[in-house]
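After the structure tokens below, expect a handful of questions from me.
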Amino acid sequence: MLSRDKKINFNQFVLFLIVIFLNQQTVAKPNFSGIWISGVSVSARDSFWPKDLPLTELGREAQKKAGTLEDPAFQCIIGFGRIISAGFPTEIIQTDQQVTILYEYNHQVRRIFTDGREHPKKVRPSLMGHSIGYWNESTLIVDTVGAKSLFFRLGGIPYSDKAHFIEKIRLLDDGETLENIIMIDDSEFYTQKWEARIYLSLDPTTTILEYDCTVREHLEPIK
């Protein structure tokens, strides 16, 4: 038979194992993998973009280019902002080291590094920028810098290449809805930070189709 002291030690050990198990269950990362689409939310949630944006003078000048021949979209140059807000089907592939997002729109690929790395000291601006992420319980926090100055949405919400984006991504509705709350910090184009919300719905029946963007001569800006 176990002595009283040994029984206490054994019970403490069992309790320790239970605490570890429960803690692991609590912090288990959700799996975002799958194909996500916009416009069909099981909870009737709608994406939100503010109407009255706190634009600076530079921001207003940049916004005027949206939809004109100065808009890079006419050259099939489509970056981070329009990619995530346009509503095309999106496929997410998640591993421990990286969340990879494959967009149907312009066949862009986004890599969110979740392996603990930092942003490079010098980030060369690119269409999708440089993204790193970490988990806060069941929410993926994504930090993006170095995105080339372009637009959100087809109507044109501008951002500069100095913009800093923080996204909070999580699952809702028993994993059927993906919520992305994005904060934009861009003192060059805006007088204050602002937020938008994007909702996508899981759709296993959807496939990523071919996207063909062709630059036509009559759409090319006059040089």
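Nothing in this text is a laboratory measurement; each read-out follows from the coordinates by a stated rule. Remember, it's a predicted structure, so these values are computed and weren't measured experimentally. All Cβ positions, even for glycine, are placed from backbone atoms using ideal geometry, and neighbour counts span all protein chains on display.
Skipping prolines and chain starts, which residues have an amide H placed within reach, meaning under 5 Å, of the one on LEU127, given they are 5 or more residues away or on another chain?
So LEU127 has HN proximity to LYS148.
Next up: Report the calculated FRET efficiency for MET183 and GLN98 (r = Cβ-Cβ distance, R0 = 22 Å), to the nearest 0.05.
Details: r = 22 Å, r/R0 = 1.01.
The pair MET183/GLN98 has a calculated efficiency of 0.50.
From the backbone phi of the stretch 169-181, what are the Karplus-calculated ³J(HN,Hα) couplings (6.51 cos²θ - 1.76 cosθ + 1.60, θ = phi - 60°) in whole Hz, Gly and Pro given as x?
10, 8, 8, 10, 6, 6, x, 8, 10, 10, 9, 10, 9
Another question, if that's okay. Let a ≥ b ≥ c be the square roots of the eigenvalues of the Cα gyration tensor of the stretch 82-141; is it rounded (a/c under 1.5), or, if not, prolate (a/b larger than b/c) or oblate?
Numbers: a/c = 2.11, a/b = 1.22, b/c = 1.73.
Oblate.
Another question about this same structure. As an exercise, use a Förster radius of 22 Å and the Cβ-Cβ distance of ALA28 and HIS119 to find the FRET efficiency, rounded to the nearest 0.05.
Numbers: r = 27 Å, r/R0 = 1.24.
Here the calculated transfer efficiency is 0.20.
Could you work out how much longer the chain between ASN136 and CYS213 gets when fully extended? Use 0.36 nm per residue separation minus the Cα distance between them, nm to one decimal. Could the numbers behind the result be given before it?
On the way: separation 77, 0.36 × 77 = 27.72 nm, distance 3.77 nm.
Length difference between fully extended and current span is 24.0 nm.
Label-point separation (nm) for SER126 and LYS51, each offset 7 Å from Cα along Cα-to-Cβ?
It works out to 3.8 nm between the two label points.
Output the Kirkwood hydrodynamic radius of the stretch 126-223, Cα pairs only, in Å rounded to one decimal. Let's see the in-between values first.
Numbers: mean 1/r = 0.0626 Å⁻¹.
About 16.0 Å for the stretch 126-223.
Among bridges DSSP assigns within the stretch 31-215, what percent are antiparallel (round to 5)?
On the way: 49 of 52 bridges.
Once the DSSP bridges in the stretch 31-215 are tallied, antiparallel ones form about 95 percent.
OK, next. Hey, could you grab the Kirkwood Rh for the stretch 31-215? Inverse mean 1/r over distinct alpha carbon pairs, Å, one decimal. Mind dumping the intermediate values first?
Numbers: mean 1/r = 0.0591 Å⁻¹.
So the Kirkwood estimate lands at 16.9 Å.
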